[in-house]
1. Cα to Cα, under 17 Å, and not fewer than 8 places away if on the same chain: which lysines meet these conditions relative to K86?
2. Assuming a viscosity of 0.692 mPa s and a temperature of 37 °C, what translational diffusion coefficient in µm² per second does Stokes-Einstein assign to the range 40-106, Rh being the Kirkwood radius over Cα pairs?
3. Work out how much length K74 to S37 would gain on full extension: take 0.36 nm times their residue separation and subtract the Cα-Cα distance, in nm to one decimal.
4. For the range 22-136, what are Rg and Dmax over the alpha carbons, in angstrom?
5. Looking at the range 62-120, which trypsin sites (Lys or Arg not before Pro) are DSSP coil and have at most 14 other C-beta atoms within 10 Å of their C-beta?
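Read the figures in this text as sums done on the coordinates, not as results from a lab. None of these values were measured; they are calculated from a predicted model. When we count neighbours, we look across all protein chains shown, and the Cβ atoms used for this are built from the backbone with ideal geometry, even at glycine.
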Amino acid sequence: MTAESSSDADTITSADNSIEKLPDHLLIEIFVRVPISDWASISCVKKQWANLFHGECLWQAALIKTYPLAVQAKRWPGPIPQGLSKRRFTALYISKHIFALDGEIDELVGHTYLFLKEQLEVSTMPPPSGILHGTIIDQFISCGKSSDMAQELASQIWLAVLDSLEENERTFCLLKCLAQEGDLVPMYLLSVAVSPMLMLDYPLACLNYLQVFLPYPYSRPTTVQWRVFEKLFTDFRDCFSRVDYFDVLACAKNKFQPIPSSWLGY
């Protein structure tokens, strides 16, 4: 080893030792100034650093530095809460980079995106899309948005979430369920969405036969239903059995006329 390379190694070692001696609050100040794309790599360097990224302090500092106006934001009413600093930071990041929104609605859109994505991807048995869409509409209306604005924002969020789903068997089964759902929602599902205790008051067998047609803006947007079929007949065409293909095709023909020729042919 040359004298020069030995000197470089000593310098690096000295720098590493200096960083290790820094208290957590200074490490946090350094990390929040590093590009976000590098955070995952940083958290893998040391257990201490990983713990910082799991804690509230780092995300609170990141929120203040990156989105200073978010600190002044008040908590909103409705079924979708803000959550802690990490979730708020993620919601704002999504709003800016996926929806390119500016203004006070940024964070709410991001939280709604996270809510829908988690319901579709994480839930063992996701609620019917009518219930999910209604929850989103209620959230925007409770925050003062008009029915038209609520429907437009909800449509954008649905399309973004559908486009973000991984191409795997679980997504295929999910899209099939969404495609075959009707526009009528069982009354007991609406009741339970409002108050789970209602399940104790009425026989489930009776409530299951009571169905309601969801009016605008609670009805599922046509653009969203179209995207579901489009993904099934393009991205997942090879996953269909013959029976499933014609069942879903019948649903598509029932909703849309005419349908694209690219959807035809098993």
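1. Leaving aside lysines fewer than 8 places away in the same chain, those within reach of K86 are K65, K74, K96, K117.
2. Result for D is 250 µm²/s.
3. Working: separation 37, 0.36 × 37 = 13.32 nm, distance 2.87 nm.
Computed gain between K74 and S37 is 10.5 nm.
4. Final numbers for Rg and Dmax: 15.8, 52 Å.
5. Working: sites: K65, K74, R75, K86, R87, R88, K96, K117; in loops: K74, R75.
Within the range 62-120, the qualifying trypsin sites (Lys or Arg not before Pro) (loop, at most 14 other Cβ atoms within 10 Å) are K74, R75.
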